[in-house]
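Notes to accompany the following structure.
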């Protein structure tokens, strides 16, 4: 879903996919955008938007459009408006789905330049172990994290953790279902837990402390770059490390997330690699890194 915000001869753009597990789908996004149409046409800023719409895809797309519109209007890059330094290429993970071994191996063969890999698990301990051993055998050099996709329970983690340690996994993302995090604070694991589904927006952050060590911030979940920046700062104060992720989408969705990535410890922004036709001039992947030219989204400093 893309938003185009026209005004003063300038067009700001934003893109969102929504959050499937909260019911934030295309129809919901469209309904929310139509509900605030009059406010937007009358003129709003990003601070006002936070009060008009809840976190989710609609606010994310509109927030991004407001960022770009302001950038073009002021002829100042988004990164500069946000108080960041000149953006640098970032090492990103490349994702392997929880597929049968032959499919995992086929996909892995296309990631020869990847420095970091994310392997999805499906909760089947035997199959997950096979996938882990396969990936580590084929890529002994790669930084490796796994996404359990809420597939395990607290009492089953004792069986999974030794497999992760053997495979030299660096991060275990979302080991349990959202709402069933109680008890994670007592699990003895040398591998840090990253919260994905357990973290939607700013209000969820304090409850992560003691149970998770890493906050995975996604713009569709939190409702845009504006709240994401606030989340990153609060996460640091709470002693959490920060990851930026994406739901899906083109370079237009990845561009603001790439800027958030400048503040993060870990980056998972391979979404545009999964679509057949990306927007021209968008993000580039080279040597396992992602880079987004500043002129693709917003004004250029050159």
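Out of 41, 70, 34, 105, report the one residue that is assigned by TED's automatic domain parsing to the domain that holds residue 259, surrounded by fewer than 20 Cβ atoms within 10 Å (Cβ to Cβ) and part of a helix (DSSP H, G or I).
105
Where in the stretch 238-302 are the strands (runs of 3 or more DSSP E), entirely inside, with at least 2 residues that are out of contact with any strand residue (DSSP E or B) (no Cβ under 7 Å at 6 or more places or on another chain)?
In the stretch 238-302, the matching strands (runs of 3 or more DSSP E) lie at 284-286.
For the structure I just gave you, tell me whether residue 146 is modelled with pLDDT of 95 or more and in contact with a strand residue (DSSP E or B) (Cβ under 9 Å, 6 or more places away or on another chain).
When the stated conditions are applied, residue 146 passes them.
Have a look at 11, 26 and point out the one that is out of contact with any helix residue (DSSP H, G or I) (no Cβ under 8 Å at 6 or more places or on another chain), in contact (Cβ under 8 Å) with a residue 24 or more places away in the chain and surrounded by 12 or more Cβ atoms within 10 Å (Cβ to Cβ).
26
Just checking, how many residues over the stretch 124-152 are more than 22 Å from the chain's Cα centre (by Cα) and surrounded by fewer than 20 Cβ atoms within 10 Å (Cβ to Cβ)?
14
The values are calculated or read from the model by the stated rules, or taken from the named source; none is laboratory data. On a predicted model such as this, the values are computed, not experimentally measured, just so you know. A quick note on method: Cβ atoms are made from the backbone with ideal geometry, for glycine too, and the neighbour counts reach across all protein chains shown.
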